[in-house]
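To keep things clear, I will list the structure first and then write my remarks on it.
The values are calculated or read from the model by the stated rules, or taken from the named source; none is laboratory data. Just so we're clear, the structure is a prediction, and the values are computed from it rather than from any experiment. Here the Cβ positions follow ideal geometry from the backbone for every residue, glycine too, while neighbour counts run over all protein chains shown. The protein model used for the area step is the full one, side chains on, heavy atoms only, and it has no ligands, DNA or RNA in it. Shrake-Rupley method; radii C 1.70, N 1.55, O 1.52, S 1.80 Å.
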Amino acid sequence: MCGIVGCILKEKKDAAPVLFECIQNLEYRGYDSIGLATYDNRINVKKGKGDIKKVNREQNFKNMSGSYGIAHTRWASTGKPTPENAHPHLDDTNTVAVVHNGTLENHSEIRDELIKEGHEFISTTDTEVIPHMIKKFMDEGLNLEDAVRKCGEKIEGSYAIVAMSKDEPGKLVATRKDSPLIVAFGKEGYFVASDTPAVLDYARDVIRPKEGEIAILTKEGIEIHDENGKEIKKVPQHIDWSPEMAKKEGFDHFMIKEITEQSAAVKNTLGQRANIEKIIKSIGDVKRICFVACGTSYHASITGKYLIESLAGIACDVVIASEFKYTAKTWDEDTLVIFISQSGETFDSRMALKEARKTSKTLAIVNVAGSAMTEEAEYFIQTQAGPEIGVAATKTYLAQLTAIYLFAALMAKDEKLIRELYKVPKYIDEVVNERESIKEISKRYDFAKNAFYLGRGFSYPIALEGALKLKEITYIHAEGYAAGELKHGPLALIDEKVPVIVVIPPGDDYSKTMVNLEEVKARGAIILSVCAKGDKKTAENSKEVIEINAEVGDIIAPLVYAVPLQLISYYVTCDKGYNPDKPRNLAKVITV
Ligand code: M6R
């Protein structure tokens, strides 16, 4: 959802190479267009449509002069991805330059007023009103800080903004509402960015300004001011993610690197046991639980419902975050609402969290330390997956599941399940080590136009997640279905051109899933099953199988059986020549 960066170097060196590196690290937030502005007695701007490498080849960002500046990578929301709509945006006298992440709801009204006053616009973005307004307020006598503050009062919607003005050289001013923003202190200079991976090479002591606060960066340091312009002293949080963690390290893509990191993500998240025990104790008794999330995190939540209901016997709902407000009415102080989010910044989830706090206890399970939801929820658990750059969630999904399993098992005092969880990293590595054979299998499925994923009970959310992974990066239409539901309609779509991926681990539901597998077999489907090693019956009834360690039963299956499905999606995407890290129309963090 757009990435923004600003940097001021302490020495008189060019900032463009640093800005370029930082903004490149945020490409996962959008890659429709990119732009940089630096200051060297005047504001220099270079921008263009396309991803960073392409635009850099055309424009050579790194030769821009000036020791400070701003940069932006765009995920188009208001206005098409065109060169004119690329950020930074300027006012019509080239005095103020701005980068923005978010969406403004009242930009049309503001634009109309400014046009009446004689301002000229060149883009169709919502953002362009911001530099015009800042310039106008500065012309009326405000300094840059106050002009940015006043602009924040006028605009409605979500925003993280960094502004610079040639009338106040040597300064960057940033603020936010409902969009993420960090400032960071480094050896060489001071930074502002949408997210920490942007700056890890340069700075790891980070502050997250609260809504409405203003951050002022100069080469002397960073000040945070409240809404009245009074300085607030804050202690930076040290981020222990290393810069290498956010790099590809020899892998072709982040996605495959992150898939191989999953056993570590699970192991490290299991280390949260003591913390989770403490949280369960402070939450106390609850009569009802509700999970709220989007996308992959929603699939992890469905597993959570099955676990909590079956282990702890507590009634549990699962709600898609954007639907939450239509269902929230009956919850009370005995309800615990659990929010699952990789980024901790997803707009739909944050709005639901705001709503849930009015009546209920809230817990957020998130991966990004210090993200908005860690501050907004009453309790939070941090999953230990490290930074995830690939747009498709992989290691953070398994880390979320691990936290949910621990939470449910500790609530139910199920030590047997906890002992099982400690074996999961080994099972995951066994699958990951077989990735070359999964790559071969994947080559036989890249022809598909449609695919179905089937699973029952704990395997149902695995099927949903497998289908989501396939559609988001391969662009093949895929549906995840509860295996028993297929006969109620979608079976009509099955023929000999449709691959059906059946998730069939050993356990109570095995025979029922086998019946469903036979139903699709009878309609000629191409069946690829993920089953236990040595499961002859499944092998006989399928075109081919991917085998998982037979010790993995249906209850812990989501933590292991999801992995071959991620690998299939990854390899089919590579086969089709697409970039799995940057699927079209998507971004890693959905802050609108
Ligand atoms: O950061 P969150 O977990 O809140 O994000 C939710 C979804 O946007 C996310 O899981 C999305 O579905 C992924 N791209 C799936 O791979």
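The H on the amide N of ALA315, modeled in the peptide plane, is under 5 Å from the matching H of ILE289, each at least 5 residues off or on a different chain.
At q = 0.10, 0.12 Å⁻¹ the log10 of I(q)/I(0) for the chain amounts to -0.86, -1.15, computed by Debye summation with a single uniform scatterer per C-alpha, solvent ignored. Here the peptides 401-413, 475-487, 242-254, 190-202 are ranked by packing, the mean other Cβ count within 10 Å, and the order with the highest first is 190-202, 401-413, 475-487, 242-254. Taking amide H as placed 1.01 Å from N in the peptide plane, the amide H of GLY186 sits under 5 Å from that of PHE191, each at least 5 places away or on another chain. The 3J(HN,Hα) values that the Karplus relation (6.51, -1.76, 1.60; θ = phi - 60°) gives for the range 355-362 are, in residue order, 5, 5, 4, 5, 10, 10, 6, 10 Hz. Gly and Pro appear as x.
Taking all protein chains into account, the per residue accessible area for the chain stands at 38 Å² (1.4 Å probe).
Across the cross-link table entries LYS171/LYS233; LYS413/LYS588; LYS47/LYS80; LYS135/LYS582; LYS395/LYS588, which are compared at the Cα atoms, the separations over 25 Å belong to LYS413/LYS588; LYS135/LYS582.
Whole-Hz Karplus values for the range 554-571 come out as 4, 5, 8, 3, x, 6, 10, 5, 5, 5, x, 5, 5, 5, 4, 4, 4, 6 Hz, taken residue by residue from phi with 6.51 cos²θ - 1.76 cosθ + 1.60 and θ = phi - 60°; glycine and proline positions read x.
Largest first, the three principal axis extents of the alpha carbons in the range 3-245 are 50, 44, 33 Å in whole numbers.
Which order do peptides 24-35, 433-444, 274-285 fall in by mean Cβ count within 10 Å, highest first?
Values: 24-35: 25.2, 433-444: 14.8, 274-285: 12.8.
Top to bottom by mean Cβ count within 10 Å: 24-35, 433-444, 274-285.
The mean of 1/r over all pairs of different alpha-carbon atoms in the range 470-538, once inverted, gives a Kirkwood hydrodynamic radius of 12.8 Å.
Using a ≥ b ≥ c from the Cα gyration tensor of the range 249-422 (square roots of the eigenvalues), is it rounded, prolate or oblate, where a/c under 1.5 gives rounded and otherwise the larger of a/b and b/c decides, a/b for prolate? Let's see the in-between values first.
Working: a/c = 1.91, a/b = 1.28, b/c = 1.48.
Oblate.
Solvent-accessible area of the range 1-118 (1.4 angstrom probe, protein heavy atoms only): carbon and sulfur portion equals 45 percent.
To the nearest ten degrees, helix 107-116 and the longest principal axis of the Cα atoms of the chain are 20 degrees apart.
Expressed as a whole percent, the accessible area of the range 246-301 that falls on carbon and sulfur atoms is 49 (1.4 Å probe). Residue by residue, the range 4-10 carries 3J(HN,Hα) couplings of 10, 9, x, 8, 10, 8, 6 Hz when phi is fed to the Karplus relation 6.51 cos²θ - 1.76 cosθ + 1.60 (θ = phi - 60°); x denotes Gly or Pro.
Positive-end ranking of TYR397, ILE526, TYR481 along the dipole of the chain, with charges on Cβ about the Cα centre, is headed by ILE526.
Other residues lying with their Cβ under 9 Å from the Cβ of ILE314 contribute a combined charge of +1, Lys and Arg counting +1, Asp and Glu -1. About its Cα centre, the dipole of the chain is roughly 820 debye, where the only charges are +1 on Lys and Arg Cβ and -1 on Asp and Glu Cβ. Taking amide hydrogens as placed 1.01 Å from N in the peptide plane, the amide H of ILE590 sits under 5 Å from those of PHE347, each at least 5 positions away in sequence or on another chain.
Between rounded, prolate and oblate, where does the range 95-148 land on the alpha carbon gyration tensor, with a ≥ b ≥ c its root eigenvalues, rounded for a/c under 1.5, else prolate if a/b exceeds b/c? Because a/c hits 1.5 or more and a/b fails to exceed b/c, the range 95-148 counts as oblate.
Scaling the Cα radius of gyration of the range 1-127 by the globular reference 2.2 N^0.38 Å produces a ratio of 1.03. Among 53-65, 206-218, 289-301, 170-182, sorting by the average number of other beta carbon atoms lying within 10 angstrom of each residue, highest first, gives 289-301, 170-182, 206-218, 53-65.
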